[in-house]
Amino acid sequence: MNPETPTYGIVLADDNTVMVEALAEVLGRSETVEVCATGGGGCDAIILARAFQPRVLVVSATSDTPPFGALVRLTAQFSPRTRVVATTHLVAVHDEDKQPLLNDGAWAVESLNQPLSRFLKVVEDIAVSSRRPRRPHPPQRNKPTGPVSPRELEVLELLVVGKTNAAIARELSISTGTVKRHVVNLYTKLGVSSRVAATRQGAALGLIDLGTYSRTGTTGDGHSS
């Protein structure tokens, strides 16, 4: 790598370890970008983006912990200059496939079923581009209606790291029915209608620190502990 050539940091995150290693090897040939970290999924992506502040974050569009839209918003919060590239295994990526991800704030949506040399060129072009990043549409929030109880806060903390109702019940030694009741109460009090919205509203109100829960709620392989 030419020491006089500016390089841009890249973070790769995907549950498919083989794919991550292949992409890292290809991107390692570049004189424009440099892989500074790799991870196993959505939570890893957020943690690594916060730690390394990369120019580009390449992450699977199928991330569901957290969902892709929340992942982009958290990345923008912790690493505002990072450009998120969503990857998909679709052979052909049509506009109807791209648009929801672009609306969530993805810089680009790229198929992994393309020559890796072309993928490298795409990432390099994104890294050096002077175009301003696309910002995600702000989530619609309703006004909270009441204080969150300590038990409801415990449930919210576990929702943040992707725990299912059954897993929350086991961890708190309560029934799944009780967990469902707490979740409904949380939705009502936070003025939301989904787990993702509850997470965002909880962070906005200072009830939770998303960075802390992302770090402590995952194991090394990117799965919930």
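The 3J(HN,Hα) values that the Karplus relation (6.51, -1.76, 1.60; θ = phi - 60°) gives for the range 79-90 are, in residue order, 9, x, 8, 6, 9, 8, 10, 8, 10, 9, 8, 4 Hz. Gly and Pro appear as x. Does the range 8-128 come out rounded, prolate or oblate by the C-alpha gyration tensor, with a ≥ b ≥ c the root eigenvalues, rounded set by a/c under 1.5 and, if not, prolate when a/b is larger than b/c and oblate if not? Note, shape of the range 8-128 comes out rounded. Peptide packing: for 156-168, 93-105, the average count of neighbouring Cβ atoms within 10 Å per residue gives the ranking 156-168, 93-105, highest mean first. Once you have a ≥ b ≥ c as the square roots of the Cα gyration tensor eigenvalues for the range 51-105, tell me rounded if a/c is under 1.5, and otherwise prolate or oblate according to whether a/b is larger than b/c. Taking the square roots of the gyration eigenvalues as a ≥ b ≥ c, the range 51-105 is prolate. The gain in end-to-end length when the ALA166 to ASP95 segment is fully stretched comes to 21.8 nm, 0.36 nm per residue minus the alpha carbon separation. Couplings 3J(HN,Hα) for the range 114-120, derived from phi with the Karplus relation 6.51 cos²θ - 1.76 cosθ + 1.60 (θ = phi - 60°), are 9, x, 4, 5, 5, 4, 4 Hz, where x marks Gly and Pro. Couplings for the range 185-193, taken from phi via the Karplus curve 6.51 cos²θ - 1.76 cosθ + 1.60 with θ = phi - 60°, read 4, 4, 4, 5, 5, 8, x, 10, 9 Hz in order; Gly and Pro are left as x. Ranked for footprinting exposure by Cβ neighbours inside 10 Å, fewest first, SER79, SER111, SER194 give SER194, SER111, SER79. When Rg and the Kirkwood Rh are both derived from Cα coordinates, the Rg/Rh ratio for the range 150-216 amounts to 0.93.
For trypsin sites (Lys or Arg not before Pro), the sites in the range 1-89 that DSSP calls loop and that have at most 11 other Cβ atoms within 10 Å are ARG29, ARG81.
Read-outs throughout are calculated quantities, based only on the coordinates presented, and are distinct from any laboratory measurement. Keep in mind the model is a prediction, meaning the values are calculated, not measured. As a convention, Cβ positions derive from the backbone with ideal geometry for all residues, glycine included, and neighbour counts pool all protein chains shown.
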